[in-house]
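As structure tokens, the structure follows; a few thoughts come after it.
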Amino acid sequence: MNKGGFSQLWLDYKKRTDNGGSVYVSKVFLSGFLQDHRIVKHALEELKSGVQTMLGVEIKVEQDMSQATLVLKRGSEKEGGVRREGYRLWETGGVLTLAAADERGLLYGVFALLRLIAMERPFQGLDLLSNPESPLRMYDHWDNMDGSIERGYSGRSFFFQDDKVLVNERTRDYARFVSSIGINGVVINNVNVKQAATWLITDRYFQEVRQLSGIFADYGIRLFLSLNFAAPLELGGPQSADPLDPKVRDWWREKMEEVFSKVPDLGGFLVKADSEGRPGPFTYGRTQADGANMLADIVKPYGGLIIWRCFVYNCTQDWRDRQTDRARAGYDSFIGQDGDYHENVILQIKNGPMDFQIREPVSPLLGGLQKTNQMLEVQVAQEYTGQQIDVCYLVPLFKEVLDFHTYCREKCDTVSDIVSGRTFGNVNTGMAAVCNTGDDANWTGNDLAAANFYGFGRLAFCHSLTADEIAEEWVRLSISNEEEVVEKIKKILLGSRGTYEKYTCPLGIGWMVTPETHYGCSVDGYEYSRWGTYHRADHKGLGVDRSRLGTGYAGQYREPNASLYDNMETCPEELLLFFHHVPYTYRLKSGKTLIQHIYDTHFEGVREVEEMIGLWESLKGKVPDPVYDGVRERFDRQLHNAKEWRDQVNAYFYRKSGIEDEQGRKIY
Ligand code: GCW
């Protein structure tokens, strides 16, 4: 905890065991970088304070390289293999060298060095090359200007309060945290841009937004804003937002000239258009590309990007209608304009076709699009995955998405390839996550949810890191280097997604949550609603037929995925109910019937939560008390939640099917 009373998370530079590191870091020489460059300055500050508090060493900046034990220098692809924003850290003959392609790379390299010290790793023989895979690595905040956070589970916003922009002691720490894991872009306001937030691009807020963007820039982060597509109407411009109307274009041109002159470091804008009631080009009979390109052309002279979300679907559906399929909507709305989007437009695509469920197939838009910049959007905020009450480490889920073969090319066809620019050779691409922070003392509500906050950044930087490696780093940096603690917390984290999946909705069907809040079980909560989120259970079976005989969604994939999903026998079982309406008596590969699988997994899920609690309790006294107590208290709520899910899901399907549990356990 620092003097602001909030946690320093993984940058908690407390005293560490010195494994010879102090010898290297005491005498530093800087070459090829200007010491007073804003990023270099902050990198050096970070190095000094980290080394001072972890090893008790005062760093001396040498004027003569031959005296130095740590050389920070500019590298290149040829010299050291470093590329844009990348770094290499190696030891030879008692000298540690950090070569970076640019200032950001230097900062990331310094943080890597500090990580090694914090994990008490030796430097001898080290050679670590790390070039970021996703060019854009972004956190999106759904913070509202009144201080509330849409889908926030960690307190109030630290960016806004009472319609004011906050710049305070948290701002810089936030920037340090996210830059230390390689984040280079942050959207500070909710994609649902309403009321005061529409005014973020006016005089009313320029001064504070500029201050914020300046602090971000110190750490190599570009600030982005979410934009209201109907801003011209709301800010006293033309009474239209038609992207092809010259008056509207002129208004935006003038507006952007003003915005970028007042906030020159601004990276650009994120837009949610024609989605869940937000305005957009459809209102004027224009395409999504018309809307995105209009803005993109206008921000282009300032190096601005337009990140355009693909979360477009009909949210006033009739549940009786079995042909309209929400899962189809993203692809159907965007695929027709592949190639129409200008070079500084990026389409931001949620990982699945629905909405951040615990299990979904990968969106067919990823790799469906071939001539359009694509960015993957995931949700670190645990909206549908336990709301930072239940433990759910999401890195394994993100990795499955990255590893998915889209078959858009013979080689280089995974989502990882696409969002790193390898597939299509583009730079306007990357990964974004809805962030899970708030003004709670520990930033993320549940202390263990900080593993997701940390993990997304590390993974976006380096796709090949395993979920295990990331968890290990996070525990060692944030909690303890003690083996027992590391192993037990890793065990809790690595099993948590599977556990959550077991006690909630089965085999990819999703939903079954309490409407609106999205926490807790309500099997039919969304069954007769307008949201397009159904399970279609009847007395014979459940699941949505998305094969060619059903909604045809499976056909949006490239082969062989399309056929794989289309056929009940070849469909990956964890997605079976997403793609098919399956009889309760259907035999799974395990030999169990579907209904028995539902019963068994729900009993197992609760048992696994109890095991996690046991593991956690064995750590009392070995992790800081506030962390222990906070997590322990949340585990009680998780257990209660898991039991509710188990009993409601099991009772529901028992009553629908009339089929007994083979093991005769208590079903209500
Ligand atoms: O997951 C849903 C959420 C909304 C959110 C929307 C979106 C910001 O329930 O709260 O709105 O997705 O992604 O736009």
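The values are calculated or read from the model by the stated rules, or taken from the named source; none is laboratory data. Owing to the predicted nature of the structure, the values given are computational and were not obtained by experimental measurement. All Cβ positions, glycine included, derive from the backbone under ideal geometry; neighbour counts span all protein chains shown. When the accessible area is computed, the model is the full protein with side chains, heavy atoms only, and any ligands, DNA or RNA have been set aside. Shrake-Rupley method; radii C 1.70, N 1.55, O 1.52, S 1.80 Å.
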Around Ile307, which amide H atoms from residues at least 5 apart in sequence, or from another chain, sit under 5 Å from its own amide H, with H modelled in the peptide plane? Phe269, Leu270, Val271, Ile346
Per the rule of 0.36 nm per residue minus the C-alpha distance, extending Ser240 to Asp647 adds in nm 141.3 nm
Report, in listed order, any pair from Lys15/Lys60; Lys300/Lys371; Lys194/Lys350; Lys350/Lys656; Lys540/Lys666 with a Cα-Cα distance greater than 25 Å. Lys350/Lys656
For the stretch 516-668, go through all pairs of different Cα atoms, get the mean of 1/r, take its inverse, and jot down that Kirkwood value in Å. 17.8 Å
For the stretch 271-283, what does the Karplus curve 6.51 cos²θ - 1.76 cosθ + 1.60, with θ = phi - 60°, yield as ³J(HN,Hα) per residue in whole Hz, taken in order and with x for Gly and Pro? 10, 9, 10, 6, 9, 6, x, 7, x, x, x, 4, 3
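Take peptides 445-454, 71-80, 361-370 and line them up by average Cβ neighbours within 10 Å, highest first, as a rough protection proxy.
Listed from highest to lowest mean packing, they are 445-454, 361-370, 71-80.
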Expressed in nanometres to one decimal, the distance between label points 7 Å along Cα→Cβ at Asp340 and Ala441 is 5.4 nm
Subtracting the Cα-Cα distance from 0.36 nm times the residue separation, let me have the gained length for Ser148 to Asp636 in nm, one decimal. 173.1 nm
Cα atoms only, the chain: Rg and Dmax in Å? 25.4, 82
With an 8 Å cut-off on Cα pairs and a minimum separation of 6 or more residues, tell me the relative contact order of the chain in percent. 11 percent
Using packing as a proxy for protection, rank 300-311, 539-550 so that the peptide with the highest average count of other Cβ atoms within 10 Å comes first. 300-311, 539-550
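If I take R0 = 41 Å and measure r between the Cβ atoms of Glu573 and Glu276 in this structure, what FRET efficiency does the formula 1/(1 + (r/R0)^6) give, to the nearest 0.05? Before the final figure, lay out each step's value.
Details: r = 32 Å, r/R0 = 0.77.
After rounding to 0.05, the efficiency reads 0.80.
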Using helices alone, what [θ] at 222 nm do you get for the chain, with -39,500 (n - 2.57) per DSSP H run of 4 or more residues, divided over all residues and rounded to the nearest 500? -11000 deg cm²/dmol
Distance-filtered residues of the stretch 112-127 - backbone nitrogen under 18 Å, label point 7 angstrom along Thr17 Cα→Cβ: 115-124
Please give the Cα centre distance for the stretch 281-339 versus the stretch 89-109, rounded to the nearest Å. 43 Å
I'd like to check one number: the per residue accessible area of the chain, probe 1.4 Å, reported in Å² as a whole number. 36 Å²
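May I ask for the net charge around Asp162, where only other residues with Cβ less than 11 Å from the Cβ of Asp162 are counted and Lys, Arg are +1 while Asp, Glu are -1?
Working: positive: Arg156, Lys164; negative: Asp146, Asp163.
Summing Lys and Arg as +1 and Asp and Glu as -1 gives 0.
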Got a sec to turn the phi values of the stretch 21-26 into Karplus ³J(HN,Hα) couplings, 6.51 cos²θ - 1.76 cosθ + 1.60 with θ = phi - 60°, whole Hz, x for Gly and Pro? x, 4, 4, 6, 7, 6
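Find, to one decimal place in angstroms, the Kirkwood hydrodynamic radius of the stretch 136-478, where the mean of 1/r is taken over every pair of different Cα atoms and then inverted. Mind showing how you got there, number by number?
On the way: mean 1/r = 0.0494 Å⁻¹.
Radius from the Kirkwood sum: 20.3 Å.
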By the C-alpha gyration tensor axes a ≥ b ≥ c (rounded if a/c is under 1.5, else prolate when a/b exceeds b/c, else oblate), the shape of the stretch 249-321 is prolate
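List the residue ranges in the chain for DSSP H helices whose C-alpha atoms run 18 angstrom or more along the long axis and whose Kyte-Doolittle average is 0.5 or above. Before the final figure, lay out the partial values.
Details: long enough: 38-55 (25 Å, 0.01); 103-118 (22 Å, 1.22); 203-218 (24 Å, -0.57); 246-262 (24 Å, -1.52); 483-503 (29 Å, -0.67); 594-617 (34 Å, -0.20); 625-657 (47 Å, -1.53).
Passing helices, by number: 103-118.
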For the stretch 62-77 and the stretch 31-52, what is the separation of their Cα centres, given in Å? 13 Å
Sticking with the crude label model, points 7 Å out along Cα→Cβ, report the distance from Glu610 to Glu257 in nm, one decimal please. 7.1 nm
When only C-alpha pairs under 8 Å and at least 6 residues apart count, what is the relative contact order of the stretch 136-478, in percent? 18 percent
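Rank these by accessible area, largest first, 1.4 Å probe: Arg176, Arg558, Arg422. Could the numbers behind the result be given before it?
Values: Arg176 30, Arg558 70, Arg422 105 Å².
Output order, biggest surface exposure first: Arg422, Arg558, Arg176.
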Students often check this: by mean Cβ neighbours within 10 Å, which of 491-497, 102-108 ranks highest, and how do the rest follow? 102-108, 491-497
Accessible area of Thr517, 1.4 Å probe, to the nearest 10 Å²? 80 Å²
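Let a ≥ b ≥ c be the square roots of the eigenvalues of the Cα gyration tensor of the stretch 10-130; is it rounded (a/c under 1.5), or, if not, prolate (a/b larger than b/c) or oblate? Intermediate results must be reported in sequence, preceding the final value.
On the way: a/c = 1.38, a/b = 1.32, b/c = 1.05.
Rounded, since a/c falls under 1.5.
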Using label points projected 7 Å from each Cα along Cα→Cβ, tell me how many nm separate Lys194 and Glu410, to one decimal. 5.2 nm
Taking 0.36 nm per residue of sequence separation and subtracting the Cα-Cα distance, how much length would be gained by fully extending the chain between Ser76 and Lys491, in nm to one decimal? 145.5 nm
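Need one word for the stretch 466-588: rounded, prolate or oblate. Basis is the Cα gyration tensor (sqrt eigenvalues a ≥ b ≥ c); a/c below 1.5 gives rounded, then a/b vs b/c decides. Don't skip to the answer; put the middle values down first.
Working: a/c = 2.62, a/b = 1.78, b/c = 1.47.
In terms of gyration-tensor shape, prolate.
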